[in-house]
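For reference, the structure discussed in these notes is given below.
The values are calculated or read from the model by the stated rules, or taken from the named source; none is laboratory data. Model, not experiment: these values are computed from the prediction. No Cβ is skipped: glycine too gets one built from the backbone with ideal geometry, and neighbour counts run over all protein chains shown.
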Amino acid sequence: MRRRNFLVGAGGTMLAGTALAGAVLAGPAGAEDTPAGTAPRGAQDAMLAAFNTYPIVGGLSPSHGVRNIDEFLISLVCNPRLPSVVTDIVAENGNSLYQPMLDEYIAGGDVPFAEVRQVWRNGLNAAGSYSTFYEQLYPLVRRINQRLPRAKKLRVLACEPPIDWSKVTSPADFYPFLADRDQHIASVLESEVLSKRRKALILMGTGHLRHGRGAAEIYEQTYPNSTFVITGHLGFAKDNDELERRMASWPVPSLTTFKGTWLGELDSSYFSLPGDAPLDPGKGYPGIDGYLYLGPRGFLMHQPPSARSVLDNDVTAELERRATVVQVPPDAPWWPSVLFQQEAASSIFFYDPDQDI
């Protein structure tokens, strides 16, 4: 199981009762081992319905190496119902230093795409520079906006701290921004979404959004119960084949809750996958509300890095400079050569069946 998260340095509120879970996720009765009213439902419909109760919905860790998740989110953004439900799309690894330029571009202004690439290529996470997902997301939203009336045009929020990499010449210049990451994410969500009573689809690693953790722990002190947090099915840490047989009748893609389902009765250790921080003891997935099913783990595909970035010598040179000045370990994939070697040896699948999980 691979995770594309190259940073050098992730219990809470669930759906407020089975009745609410049913309102969000009511689907056809008879889904195997799932109580009526909480049966898995078509994922796009369920996510859009969640905005009836929550101003912030999402998570799902896009651009973390799972092609199925990236493609699902792109299809969700293309859903013609989305602009009637959502006002903002919040993107991980978007450098807020470039928010004014991003606003102009997304609104249809005359901004070269080569300039817009700085939004994700100059984030805190080196993986963002190679993201296929983000190089698709921004021009897609711009094109969608061209067909929408002014009142329904979407805004994309870059929520990472405004680091200026041209001024980073030592670890001391970098780490204060890294330490401020969750605080800055929370600040953007409070000032640009929650305080304005807007609604945001948030595309971000769940480590930042789990209730009681990361950015969510900060902004939910002022805006409690404001987020419906979703993680994707990447397999179970044990008894995977047995448990996936219980999901065989689920639609693909589908969404269900932890509360009121057999998933919520599993020990949290079932969701503690290799490469992840250990989860708190308890039932279900602590701090997570929804579970997105995109098929068995054996069918999940690996998302390769963007060819445009890999072939751009300026990107490679700049990432080598950053790895040098930040003093990352020599085997870290911040170094382009290390990333390229890992990719050359990787499978087309996200899950390696030879790995013991």
| request: Any chance you could count how many residues in the range 286-319 are over 23 Å from THR256 (Cα atoms), surrounded by 14 or more Cβ atoms within 10 Å (Cβ to Cβ) and touching a helix residue (DSSP H, G or I) at 6+ places or on another chain (Cβ under 7 Å)? | output: 10
| remark: Quick count over the range 258-285, residues being surrounded by fewer than 22 Cβ atoms within 10 Å (Cβ to Cβ) and closer than 19 Å to LEU243 by Cα, is 14
| Only one of VAL119, VAL111 is in a helix (DSSP H, G or I), modelled with pLDDT of 95 or more and of a type in the set (A, V, I, L, M, F, W, C); which? | VAL119
| request: Please find, among LEU157, LEU137, LEU124, the residue that is touching a Phe, Trp or Tyr at 6+ places or on another chain (Cβ under 7 Å), under 15 Å from GLY94 (Cβ atoms), surrounded by 14 or more Cβ atoms within 10 Å (Cβ to Cβ) and of a type in the set (A, V, I, L, M, F, W, C). | output: LEU124
| message | Looking at the range 25-42, can you tell me whether even one residue there is buried (at least 21 other Cβ atoms within 10 Å of the Cβ), modelled with pLDDT of 85 or more and not in a loop (DSSP other than H, G, I, E, B)? | response | yes
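Listed here are the residues, each with its yes/no results for (1) small (Gly, Ala, Ser); (2) on the phi < 0 side of the Ramachandran plot; (3) at pLDDT below 95.
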position	(1), (2), (3)
SER268	yes, yes, no
GLY284	yes, no, no
GLY295	yes, no, no
GLU320	no, yes, no
PRO329	no, yes, no
ALA345	yes, yes, yes
| message | If I ask for residues that are of a type in the set (Phe, Trp, Tyr), assigned to a loop (DSSP other than H, G, I, E, B) and over 21 Å from the mean Cα position of the chain (by Cα), which ones from the range 249-270 would you list? | response | TRP250
| Out of (1) within 22 Å of the chain's Cα centre (by Cα); (2) assigned to a helix (DSSP H, G or I); (3) modelled with pLDDT under 90, the odd one out for THR13 is which? | (2)
| request: For ALA216, indicate whether it is touching a Phe, Trp or Tyr at 6+ places or on another chain (Cβ under 9 Å), buried (at least 18 other Cβ atoms within 10 Å of the Cβ), small (Gly, Ala, Ser) and part of a helix (DSSP H, G or I). | output: no
| Filter result for LEU76 (surrounded by fewer than 23 Cβ atoms within 10 Å (Cβ to Cβ), at negative phi, touching a strand residue (DSSP E or B) at 6+ places or on another chain (Cβ under 8 Å) and in a helix (DSSP H, G or I)) | yes
| request: Kindly indicate the residue of the range 134-150 that is of a type in the set (Lys, Arg) and in a helix (DSSP H, G or I) and also nearest to PRO80 (Cα to Cα) among those meeting that condition. | output: ARG143
| task | May I ask you to list the residues in the range 333-345 that are under 22 Å from the mean Cα position of the chain (by Cα) and part of a loop (DSSP other than H, G, I, E, B)? | result | PRO333, TRP334
| note | Per the filter on the range 151-192, residues over 20 Å from the mean Cα position of the chain (by Cα) and in a loop (DSSP other than H, G, I, E, B) are LYS153, ILE163, ASP164, VAL168, THR169, SER170
| request: Looking at (1) aromatic (Phe, Trp, Tyr); (2) modelled with pLDDT of 90 or more; (3) in a loop (DSSP other than H, G, I, E, B), find the lone condition where PHE6 falls short. | output: (2)
| Pairs with Cβ under 7 Å, 6+ apart, first in the range 269-284 and closer than 16 Å to ASP239 by Cβ, second not in a loop (DSSP other than H, G, I, E, B) | LYS283/GLY264; LYS283/GLU265; LYS283/ASP267; LYS283/SER268; GLY284/LEU263; GLY284/GLY264; GLY284/SER268
| note | Among ARG117, ARG81, the single one that is of a type in the set (D, E, K, R), out of contact with any Gly (no Cβ under 7 Å at 6 or more places or on another chain) and farther than 29 Å from ASN225 by Cα is ARG117
